[in-house]
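Engineer: Here it is: the structure, laid out below.
The values are calculated or read from the model by the stated rules, or taken from the named source; none is laboratory data. This is a predicted model, so every value here is computed, not measured. Heads up, the Cβs are rebuilt from the backbone with ideal geometry, glycines too, and the neighbour counts pull from every protein chain shown. Heavy atoms of the whole protein, side chains included, go into the accessibility calculation; ligands, DNA and RNA do not. Shrake-Rupley method; radii C 1.70, N 1.55, O 1.52, S 1.80 Å.
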Amino acid sequence: MARPPLTQAQKNEIKNSIRRAALRLKAKHDSEQITVRDVASEAGVSVGTFYSHYESLSELAQSTWREPVDRLRGRIEKIARRTEDPLLRIEKVLLCYAQFEKRNRAAFKGVFLHVRPQTADTPEKQGLQTELFFRILSEAVEDGQESGRIRQGNPFEIAQLLWASIHGAMALPHNLELYRFPGSQALSKKMVTFLIESLSTVETDARQP
C-alpha cells in the first residue's frame with residue numbers, strides 16, 4: 001500500500017531538518033569536506049530525500065544563511081531609521097553587524113568565513129548599492145558630511161572601508177588562530193571606536209554632538 005503524500009508542513013520540517021543538519025556540520029568541519037551524504041546522514045534522511053528538497057549543496061548553503069542574514073538586515077534597518085545622528089548611526093549599525101557572530105555562530109562561519117570551493121561556479125557580481133548594509137553606511141556618511149560631523153571624502157569609498165574594517169576585525173581572530181588576537185567581539189568593538197574617531201570632525205570625543 002502506497003504511503004500517503006507528505007503534507008506541506010511535513011515537507012517544510014524535512015527541509016528545515018536538512019538545513020539544521022548542515023549548520024551543525026559546518027560548525028564542526030570545513031565546508032569543503034562536507035558531502036551530500038554527510039548532510040543526509042546527519043539529518044536522518046536518504047540522499048534521495050535530500051535531492052527532493054535541494055538541488056545541490058550550493059543551494060542548501062544559500063538557504064542556511066539567508067534567514068539569519070535577513071534578520072540582521074532587519075535589525076540594521078530599524079537602527080538606521082531610529083538614529084538621527086549620522087556618527088551614532090554608523091557606530092550602532094557596525095556594532096550590530098559585528099554581533100552577528102555572537103548571535104549566529106554557525107551562520108557566521110558559513111557566511112563570513114566561507115571560501116568558495118574552486119569547483120563551484122563563480123557568482124555573478126552585484127553592485128554594492130544592492131546591499132542594504134552598504135547603502136545605510138554610505139547614506140550615513142553623506143548625512144554626516146552635509147552636517148559637518150564627518151570628514152570629507154568619497155562616501156562610497158568610505159563606506160567600503162567601514163565594511164571591510166569591521167568584517168576584517170570579525171574574521172581575523174578566526175582566520176589566524178595562531179596569533180593572540182583579542183576575541184572577535186572585543187576586537188570589533190575597538191575597531192568601531194577607532195573608525196568613529198577617524199571619521200569624526202571632532203577630535204576629543206567622536207560621539208559628542
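Engineer: Rounded to whole Å and sorted largest first, list the principal axis extents of the Cα atoms in region 62-105.
Structural biologist: Per principal axis, max minus min of the Cα coordinates gives 35, 17, 12 Å.
Engineer: Averaged over all directions, how much area does the convex hull of the C-alpha atoms of region 140-201 cover when projected, in nm²?
Structural biologist: Taking a quarter of the hull surface, the average projection is 4.2 nm².
Engineer: Counting only heavy atoms of protein chains, what accessible area per residue, in Å², does the chain have with a probe of 1.4 Å?
Structural biologist: Dividing the accessible area of the chain by its residue count gives 63 Å².
Engineer: Now a separate question. How large a share of the accessible area of region 119-165, in percent, is made up of carbon and sulfur atoms when the probe is 1.4 Å and the other protein chains stay in place?
Structural biologist: Percent of accessible area from carbon and sulfur atoms in region 119-165: 50.
Engineer: Restricting attention to region 24-82, which GluC sites (Glu not before Pro) occupy a DSSP loop and are surrounded by at most 10 other Cβ atoms within 10 Å?
Structural biologist: Those that pass, being in a loop and sparsely packed, are GLU55.
Engineer: Taking the Cα centre of region 39-151 as origin, sum charge times position over the Cβ atoms of Lys and Arg (+1) and Asp and Glu (-1), and report the length of that vector in debye to the nearest 20.
Structural biologist: 460
Engineer: Taking the Cα atoms of region 103-188 alone, what are Rg (to one decimal) and Dmax (as a whole number) in Å?
Structural biologist: Expressed in Å, the Cα Rg and Dmax of region 103-188 come to 15.9, 49.
Engineer: Based on DSSP H runs of at least 4 residues, each adding -39500 (n - 2.57), what is the mean residue ellipticity at 222 nm of the chain after dividing by all its residues, to the nearest 500 deg cm²/dmol? Please report the intermediate quantities before stating the final value.
Structural biologist: Details: 10 runs with 139 residues, N = 209.
Here the helix-only value at 222 nm equals -21500 deg cm²/dmol.
Engineer: Ok, one more. Note down the magnitude of the dipole of the chain about its Cα centre, charges +1 on Lys and Arg C-beta and -1 on Asp and Glu C-beta and zero elsewhere, to the nearest 20 debye.
Structural biologist: Magnitude of the dipole: close to 900 debye.
Engineer: Right, next: Output the 0 to 90 degree angle, nearest 10, between the alpha-carbon long axis of helix 86-98 and the longest principal axis computed from the alpha carbons of the chain.
Structural biologist: Tilt of helix 86-98: around 30 degrees.
Engineer: Anyone know which of ARG180, ARG81, ARG24 comes out most mobile in the 10 Å Cα GNM of the chain?
Structural biologist: Highest fluctuation of the listed residues: ARG180.
Engineer: Taking 0.36 nm per intervening residue step and subtracting the Cα-Cα distance, what contour gain separates LYS190 from HIS114 on full extension?
Structural biologist: Roughly 25.0 nm would be gained on extension.
Engineer: Of TYR54, THR193, PHE108, whose Cα points farthest to the positive end of the dipole of the chain (charges on the beta-carbon: +1 Lys, Arg; -1 Asp, Glu; origin at the Cα centre)?
Structural biologist: The residue sitting farthest along the positive end of the dipole is TYR54.
Engineer: Considering only SER165, ASN12, LEU72, whose Cα is most displaced toward the positive end of the charge dipole of the chain, charges sitting on Cβ of Lys, Arg (+1) and Asp, Glu (-1)?
Structural biologist: ASN12
Engineer: Over what distance in Å are the Cα centres of region 146-188 and region 43-116 separated?
Structural biologist: Each part's Cα centre sits 18 Å from the other's.
Engineer: Using a Förster distance of 35 angstrom, determine the FRET efficiency expected from the C-beta separation of GLU55 and VAL202, and round it to 0.05.
Structural biologist: Calculated transfer efficiency: 0.10.
Engineer: Let me have the relative contact order for region 123-184, percent, based on Cα pairs under 8 Å that are six or more residues apart.
Structural biologist: Answer for region 123-184 is 22 percent.
Engineer: Let me ask something else. Please state, as a whole number in µm²/s, the translational diffusion coefficient that the Stokes-Einstein equation yields for region 1-149 at 20 °C and 1.002 mPa s, with Rh defined as the Kirkwood radius across alpha carbon pairs.
Structural biologist: On the way: Rh = 17.8 Å.
D, rounded to a whole number, is 120 µm²/s.
Engineer: Let me ask you something else. Suppose R0 equals 30 Å. What FRET efficiency, 1/(1 + (r/R0)^6) with r the Cβ-Cβ distance, do LEU6 and ASP70 give to the nearest 0.05? Mind showing how you got there, number by number?
Structural biologist: Numbers: r = 26 Å, r/R0 = 0.87.
E between LEU6 and ASP70, to the nearest 0.05, is 0.70.
Engineer: Quick one: compute the contact order of the chain, relative version, from alpha carbon pairs under 8 angstrom and 6+ residues apart, as a percent. List each step's numbers first, then the result.
Structural biologist: Values: 185 pairs, mean separation 39.7, N = 209.
Relative contact order, the chain: 19 percent.
Engineer: Excluding residues on the same chain fewer than 8 positions from LYS109, give the lysines whose Cα lies under 18 Å from its Cα.
Structural biologist: Here the lysines satisfying the reach criterion relative to LYS109 are LYS26, LYS28.
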